[in-house]
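Inspection log for the structure reproduced underneath, given as structure tokens.
Bear in mind these aren't lab numbers, they're just calculated from the coordinates by the rules spelled out. Note that this is a predicted model, so its numbers are computed, not measured. A quick note on method: Cβ atoms are made from the backbone with ideal geometry, for glycine too, and the neighbour counts reach across all protein chains shown.
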Amino acid sequence: MNEILKAIAQRFSCRDFDETALTDAQIKAITDAALAAPSARNIQPWHITIITDKKLIDELDAEGMNVLSAAEDKSVYERVRARGGKLFYNSPCAIVVSSDGSNYADIDSGILSQNVTLAAHSLGLGSVICGMMEIPLSGPYGNEYKKRMQFPDGYDFVIAILIGGVKTAKEPHKLDTGKLTFVK
Ligand SMILES: Cc1cc2nc3c(=O)[nH]c(=O)nc-3n(C[C@H](O)[C@H](O)[C@H](O)COP(=O)(O)O)c2cc1C
């Protein structure tokens, strides 16, 4: 198996990070991989905010838990509490992707996210794509946090990726070949 196929096969969502900060060289390699992602008509409808301010990530985590605890349906809150009570798993780095909402922007941002996770894995780091970053951004302080993330005008949150050293690893998920249909 070549290195790319190995990285694809071995990547897993990390949900327990050590808090060691990423190096500048790691961040450069990961952000270059992000920017190298293909996009429809090469429009690159994204903006990438790299948060390495651990205090801000912890604040977003706590605010996300506040928002979840105030929701009528407490099931997500209870689920997160049951698995440690941390929405962002103590990650020292969050990459937040915002977009202009144009056609294909979500797909393009998803491809960018996979580039980020594979780049992180290739550097020996863990990562997890994180839709739940939307939770603190949807609460009463959401606009304030979006300002701190410096989304360009007219851009809004699409997805985040958490990155850091792996404290606890997990097996990659099993391949479900039932999802395949071959038409020969
Ligand atoms: C769009 C998207 C959003 C996700 N959001 C979260 C999230 O908020 N929190 C989380 O722990 N995992 C999140 N995940 C990770 C998935 O749960 C994970 O990819 C899936 O369970 C398969 O496991 P694997 O990545 O280890 O193969 C997300 C994945 C995707 C693609």
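For an R0 of 35 angstrom, estimate the FRET efficiency from the Cβ-Cβ distance between F182 and D32 and round to the nearest 0.05. For F182 and D32, the calculated efficiency is 0.45. When peptides 165-177, 144-156, 115-127, 8-20 are ranked by their average number of other Cβ atoms within 10 Å per residue, the highest-first order is 115-127, 8-20, 144-156, 165-177. Please report the spacing between the Cα centers of the range 1-53 and the range 130-165 in Å, no decimals. The range 1-53 and the range 130-165 have Cα centres separated by 17 Å.
Mean residue ellipticity, 222 nm, helices only, the chain: the sum of -39500 (n - 2.57) across DSSP H runs of n ≥ 4, divided by residue count and rounded to 500, is -12000 deg cm²/dmol. Give the total of Lys-Lys pairs in the chain with Cα-Cα distances below 20 Å; include a pair only if its members are 8 or more places apart or on different chains. Eligible lysine pairs with Cα atoms under 20 Å apart amount to 14.
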